[in-house]
1. Check off (1) closer than 21 Å to Thr249 by Cα; (2) touching an Asp or Glu at 6+ places or on another chain (Cβ under 9 Å); (3) not hydroxyl-bearing (Ser, Thr, Tyr) for Leu333 and give me the number that stays unchecked.
2. Across region 63-77, which residue is modelled with the highest pLDDT among those that are surrounded by fewer than 19 Cβ atoms within 10 Å (Cβ to Cβ) and under 30 Å from Ala276 (Cα atoms)?
3. Can you spot a residue in region 82-98 that is assigned to a strand (DSSP E or B), in contact with a strand residue (DSSP E or B) (Cβ under 8 Å, 6 or more places away or on another chain) and closer than 30 Å to Glu352 by Cβ?
4. Condition first: buried (at least 19 other Cβ atoms within 10 Å of the Cβ), among the aliphatic types (A, V, I, L, M) and touching a Pro at 6+ places or on another chain (Cβ under 8 Å). Can you find one or more residues in region 309-323 that meet it?
5. Counting just the residues of region 163-206 that are over 17 Å from Lys99 (Cα atoms) and without any contact (Cβ under 8 Å) to a residue 24 or more places away in the chain, which one comes out nearest to the chain's Cα centre (by Cα)?
6. Mind listing whichever residues of region 339-359 are farther than 14 Å from Ser313 by Cα and in a loop (DSSP other than H, G, I, E, B)?
7. Please go through region 213-240 and give me each residue that is exposed (fewer than 14 other Cβ atoms within 10 Å of the Cβ) and in a helix (DSSP H, G or I), ordered by number.
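The values are calculated or read from the model by the stated rules, or taken from the named source; none is laboratory data. Just so it is clear, the model here is predicted, and its values are computed rather than measured. FYI the Cβ positions are ideal-geometry reconstructions off the backbone, even for glycines, and counts take in every protein chain you see.
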Amino acid sequence: MTIKKELVVSALIVVAALAVVTVRIRMSEAVLVEGDEGHDHAAMTTGSGEMSPVVLDDESARRIGVTFATAEFRSLPVVVRAVGTVSYDERRLVTVNPKVNGWVEELHVDFTGAPITRGEPLLEIYSPQLVSAQEELILAVRLLAEAGPGRASDNASQLLESARRRLAYWDIPEDEILRIEALREPTRTITLRAPASGIVVEKNVVEGDQIMPGMTLYRIADLSRVWIEADVFEKDIAMVSEGQRADLTFEAFPGQVFEGLVTYVYPTVSMQSRTARIRLELPNPELALKPGMYADIDLEVPPSAPAPVVPRSAVIDTGERVLVFVRSATGALLPREVTVGRASGRFTQILEGLEPGEQVVSSAAFLVDAESNLGTMTGEMSDEVTDAESAAHLGHE
């Protein structure tokens, strides 16, 4: 190395050493002053050193946008908000499917969305099985009429009951069975009727289709009461319970608020979204709420117990701990570890580590945190330089 390069390096080392000494003096003064006032939060231990207090004059604080807020001791009103979707009440869904093979001769309900009532005709089907069952019924009626008293009459009665039961098991209405008995003539088609009132939300059949047992022909939903299914963030799950009241609004009805109750909290959490699903129920007598609509939900939560409250922007979460910067009587900004509670709107509860009336940095806290970490790193570098100089001095001796 040339003499010129050696001189430049030496000068840089001297300047760095002077800067380190200056910073260490300022840090020591802040710590000593705070120690005289009886506080134990002048520094916080980290994995490799201490987070340093930060000293800013008014001009420097104004220039970087540092402002302060006072910790207030009060309850924090909390509202859990979620977005939900209107869906069918699964307990009010009915599926219509046949129990015999056959063909559709005529559709009485021929479009999705049709309103129907219980017992209303849905379709006419032709089924060889049903024709045979009708003939057996008619034969049993004739045998009973012709049989005299005694065992023959008993056998005819049993045969008649068996024929009636077979048709009933195939969902043939009782009045239809009585009509066949009265006419004593089988009909080519049999009418299938609606098992419940509601709206046809699914239709899978047209005239001329062949149908088989178990095939879904219609799905009917009673929309007089609907479900609202919503996702709640994992952090809010503990504040939601069954029976909880909620206010719901819909874009289709601006200015109108619907009241509902939480009827079920699902026992699982989505691994992808980290949310839990809840279910609310709403009466819907006018059928104004339609499945698929979005709902904005505000769940009422009891106010929290009083505790120190600070702006959210004052809290710094490093991943390992949660910090706030507290303003001391001398103006030094001291990093202090705290335990946070509920958060609502712009504010956060502090459960431990802060007293009411203390002032904290409420804006530009991340800049103060960076300055504190820089001071810590500089202090560690100064210690390393001092250790190196001491080792070199001992070596010369």
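1. Condition not satisfied by Leu333: (1).
2. Here the answer is Arg74.
3. There is at least one residue in region 82-98 that is assigned to a strand (DSSP E or B), in contact with a strand residue (DSSP E or B) (Cβ under 8 Å, 6 or more places away or on another chain) and closer than 30 Å to Glu352 by Cβ.
4. Scanning region 309-323 turns up at least one residue that is buried (at least 19 other Cβ atoms within 10 Å of the Cβ), among the aliphatic types (A, V, I, L, M) and touching a Pro at 6+ places or on another chain (Cβ under 8 Å).
5. Asp175
6. Hits for region 339-359 are Gly353, Leu354, Glu355, Pro356, Gly357, Glu358.
7. Glu234, Lys235, Ala238
Residues checked against (1) under 24 Å from Leu287 (Cβ atoms); (2) out of contact with any helix residue (DSSP H, G or I) (no Cβ under 9 Å at 6 or more places or on another chain); (3) part of a helix (DSSP H, G or I):
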position	(1), (2), (3)
Pro149	no, yes, no
Ala196	yes, no, no
Glu202	yes, yes, no
Glu242	no, yes, no
